[in-house]
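Down below is the structure, laid out as structure tokens.
The values are calculated or read from the model by the stated rules, or taken from the named source; none is laboratory data. Remember, it's a predicted structure, so these values are computed and weren't measured experimentally. Note: ideal-geometry Cβ built from the backbone for every residue, glycine included; neighbour counts use all protein chains shown. To get the accessible areas, we keep the full protein, side chains included, count just its heavy atoms, and leave off ligands, DNA and RNA. Shrake-Rupley method; radii C 1.70, N 1.55, O 1.52, S 1.80 Å.
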Amino acid sequence: MRFPQLVTEIAAQPHAGHRDRLRARFSEAGGQGLADYELLELALFRSIPRRDVKPLAKALIARFGSLGGVCAAELHQLKDIKGVSEKTALDLKLLEALAVRMAREQVVGRPVLSSWSALLDYLRTALQHASTEQFRVLYLDKKNRLVGDEHQARGTVDHAPVYPREVVKRALALDASALILVHNHPSGDPTPSHADIEMTKLVISAAKPFNIVVHDHLVIGRERTASFKSLGLL
């Protein structure tokens, strides 16, 4: 065995013991038995095989505020953290993609209005930690089943341009009978702004001649979700 290789393997031993213990705890108790940074450590083990990743896991959560915030961060933001390579950043984004896909599975093929809590869980998973404002449209058929879930616009921290005619044009292409408008507020406060209210009115007006109904407009915040319908704004 070459000397440099021997030194490397000896140096890795303390971390290997910690990794084995953490894996054993996860095997026995599942995610419920671990702190957020420890779950993140487990994910980082595969990306960074020969280094103590506990400090990095804690640094990522401190920087982005939560486990969800870490996975929702942009690639360039993740790579700005010392110790995060492009490979590691991509692995973290994979965790987000898996979480969103699993949440979406609870919505697809079901009448959305009767699966409302599952819909909110999905949208919160997809949008609550986003650092820029995103506007998306859920297109529904006559049975209120999801036939389209599309980003209509992405913007800066507090603005995403929306074009009502494009929303309606896409609804007609999908033969959709109803819409649910969705966007997030990166500030964390889901209170609808005046611009949100006016834009919603424009979409409703553009859709009305085609008998396309706007069921709701949801604003996703960090802790809460605002519903235009519940607030009496539709």
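Our Cα-only numbers for the chain put the radius of gyration and Dmax at 21.9, 78 Å.
Rounded, prolate or oblate: pick one for the range 77-179, where a ≥ b ≥ c are the square roots of the eigenvalues of its C-alpha gyration tensor, a/c under 1.5 means rounded, and failing that, prolate if a/b is larger than b/c, else oblate. Taking the square roots of the gyration eigenvalues as a ≥ b ≥ c, the range 77-179 is oblate.
Which is the longest stretch in the chain that no exposed loop site breaks, taking sites as trypsin sites (Lys or Arg not before Pro) with a DSSP loop state and at most 15 other Cβ atoms within 10 Å?
144-223
What does the accessible area of Asp121 come to, in Å² to the nearest 10, when a probe of 1.4 Å is used? Spelled out: Asp121, probe radius 1.4 Å, area about 90 Å². Count Lys and Arg as plus one, Asp and Glu as minus one, and take only other residues whose Cβ is under 11 Å from that of Ala178; the net charge is then +1.
Would you please classify the overall shape of the range 141-230 from the alpha carbon gyration tensor, given that a ≥ b ≥ c denote the square roots of the eigenvalues, rounded means a/c under 1.5, and beyond that prolate means a/b larger than b/c while oblate covers the rest? The shape class here is prolate.
Accessible area per residue for the chain in Å², computed with a 1.4 Å probe and the full protein assembly in place, what is it? It would help to have the intermediate numbers written out before the result.
Numbers: 13120 Å² over 234 residues.
With the other protein chains kept in place, the chain gives 56 Å² per residue.
The listed residues His183, His18, once ranked by accessible area (1.4 Å probe) with the largest placed first, stand as His18, His183. The share of accessible area on the chain that comes from carbon and sulfur is 54 percent, using a 1.4 angstrom probe. Net charge dipole, the chain: roughly 380 debye, given to the nearest 20, about the Cα centre with Cβ charges of +1 for Lys and Arg and -1 for Asp and Glu.
In the assembled protein chains, Asp20 presents an accessible area of approximately 90 Å² (probe radius 1.4 Å).
Considering only alpha-carbon pairs that sit under 8 angstrom and 6 or more positions apart, the relative contact order computed for the chain is 13 percent.
Count charges around Leu233 for me, please; just the other residues with Cβ under 10 Å from its Cβ, Lys/Arg as +1, Asp/Glu as -1.
Charge balance near Leu233 sits at 0.
Which distance in Å, rounded to a whole number, links the C-alpha centroids of the range 54-81 and the range 168-234? Answer, in whole Å: 31. Working from Cα pairs under 8 Å separated by at least six residues, relative contact order for the range 25-121 is 18 percent. Charged neighbours of Asp80, selected by a Cβ distance under 11 Å, balance to +2 (K, R count +1; D, E count -1).
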